[in-house]
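A quick write-up on the structure given underneath.
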Amino acid sequence: MKRAWFLGVSLLVGCGNEFEPRDGRWNFLPGETIDESCGSITDMLSGDFVLTNENGGTFTILADNTTGVFACELSGKEFDCPEHLLRAKISMTDVTLDVTTTEVGSFTSETVGSGRRDARVVCNGSQCSLVAAVAKVKFPCTAAFEFMVEHAD
């Protein structure tokens with residue numbers, strides 16, 4: 001009897017459907033700003049992206065306006081994107097912004113989620129003072145804001 005119960009529980013655990021957000025293009029919708037010491041640079045930290053599910057409770061993000069792919073961990077519907085570095089080039093300058101970010105949040109369905117992004121931005125290039133003056137910011141700067149995401153396809 002114990003073997004039959006154990007086998008039944010094992011089959012249920014093995015057959016259980018784990019939550020996964022939908023693969024594909026997602027819209028990133030910035031929400032309430034919590035820390036805006038990066039001034040107008042904060043607006044650059046929001047961008048649509050492509051989400052790809054990986055095996056083992058992870059997914060990757062490829063953002064439209066930066067270089068680099070980063071991984072996020074999924075536990076149920078909760079996600080955590082550990083600290084990662086993204087780079088953004090400022091057009092018509094030699095400036096590259098190194099953006100270290102973390103994201104945490106949750107999905108309410110396979111096509112909708114929300115969370116918080118915290119970022120630290122460092123400026124590299126000979127025209128950083130120009131970018132800082134235009135953006136009204138002092139580098140390095142920090143930003144934090146809430147966001148919503150929705151599947152676009």
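Values in this text are rule-based calculations from the coordinates and carry no lab data. As the structure is a prediction and not an experimental result, all values here were calculated from the model. Glycine gets a Cβ as well: all are built from the backbone with ideal geometry, and neighbour counts include every protein chain shown.
A compact table of results
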| item | result |
| --- | --- |
| Positive-end residue, the stretch 17-151 charge dipole about Cα centroid, Cβ charges, pick of 44, 115, 27 | 44 |
| Only Lys, Arg (+1) and Asp, Glu (-1) charged, at Cβ; the stretch 67-153 dipole about Cα centre in debye | 540 |
| Rounded to the nearest 20 debye, dipole of the chain from Cβ charges on Lys, Arg, Asp, Glu | 260 |
| For the chain, calculated [θ]222 nm from helices alone, where every DSSP H run of n ≥ 4 adds -39500 (n - 2.57) | -4500 deg cm²/dmol |
| Listed residues 31, 57, 125, most fluctuating in the chain (Gaussian network, C-alpha, under 10 Å) | 125 |
| Tilt relative to the chain, helix 2-15 - C-alpha long axis, 0 to 90 degrees, to 10 | 30 |
| Separation of the residue 122 and residue 84 label points, Cα + 7 Å toward Cβ, nm | 1.9 |
